[in-house]
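Undergrad: Once you've had a glance at the structure underneath, I'll fire off some questions.
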Amino acid sequence: MKLSEINIRDPFILFYEDKYYMYGSRVGEQRGFDVYISDDLTDWSNPVSIFEYYDGFWGTNQFWAPEVHLYHNTFYMFASFRDNENHRGTAILTSKTPDGKFKEHSEGAVTPKKWSCLDGTLYIEDKTPYMIFCNEWTQVKNGEICMVRLSDDLKRAVSEPK
């Protein structure tokens, strides 16, 4: 399919082994993520489902802004989810391949539980992993860019947010 036929929000492109992998927020039903694959950034595969809501998953709606990063030979998806209590947070999913099925890696959101957070991304400095994320304007009026140190296995935050 042509790029002009793809309708997603929050696009993120990963280049890996001579292919482009594009992830984004679905328009309409927002309880899953797809990937599109391309050799040239013009012609893309049909969407491939890589994560879908399942009973027991903490996030219940508004699956937004997936980003996929290669870290220690594993692919990690940082994505925003909203729960039944109207809290939004960024969780981390994992897969062995950039187009494979992703599964929950962190236990729920890595961002603070009572905050309304979104758009988490991985940042590495001096071999130390951090997550940069937004504390939403809906909660703090003007929005904030924050960071938190992550455990080396990317399962949880190991510092207070700054």
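Undergrad: Can you figure out the FRET efficiency of Gln30 with Thr121, using R₀ = 30 Å and their beta-carbon distance, to the nearest 0.05?
TA: Calculated transfer efficiency: 0.95.
Undergrad: Moving to a separate point now. Take each of the peptides 25-37, 120-132, average the number of other beta-carbon atoms within 10 Å over its residues, and list them starting from the highest.
TA: Packing order, densest peptide first, comes out as 25-37, 120-132.
Undergrad: Moving on. What FRET efficiency comes out for Lys114 versus Tyr16 if R0 is 45 angstrom and r is the Cβ-Cβ distance? Round to the nearest 0.05.
TA: Working from the Cβ atoms, E equals 0.80.
Undergrad: Taking only C-alpha pairs under 8 Å that are 6+ residues apart, what is the relative contact order of segment 1-129 in percent?
TA: With pairs under 8 Å counted, the relative contact order is 18 percent.
Undergrad: Here's another thing I want to ask about it. Can you bin segment 28-85 into rounded, prolate or oblate? Criterion: square roots of the alpha carbon gyration tensor eigenvalues sorted a ≥ b ≥ c, rounded for a/c under 1.5, prolate for a/b above b/c, oblate for the rest.
TA: Cα axes put segment 28-85 in the oblate bin.
Undergrad: Given R₀ = 22 Å, what would the calculated FRET efficiency be for Asn84 paired with Asn46, taking r from the Cβ atoms and rounding to 0.05?
TA: Taking R0 as 22 Å, the efficiency between Asn84 and Asn46 is 0.10.
Undergrad: With no solvent and one point per C-alpha, what does the Debye sum give as log10 I(q)/I(0) for segment 27-138 at q = 0.16, 0.18, 0.19, 0.21 Å⁻¹?
TA: -0.75, -0.93, -1.02, -1.19
Undergrad: A further question follows. With labels modelled as points extended 7 Å from the Cα through the Cβ direction, what inter-label distance (nm, one decimal) is found for Thr74 paired with Lys162?
TA: So the label points at Thr74 and Lys162 sit 2.6 nm apart.
Undergrad: Taking the radius of gyration and the Kirkwood hydrodynamic radius from Cα positions alone, what is the Rg/Rh ratio for segment 15-55, to two decimal places?
TA: 1.04
No value in this document is a laboratory result; all are computed from the given coordinates. All values reported here derive from a predicted model rather than from experimental measurement. Cβ: placed from backbone, ideal geometry, glycine included. Neighbour counts: every protein chain shown.
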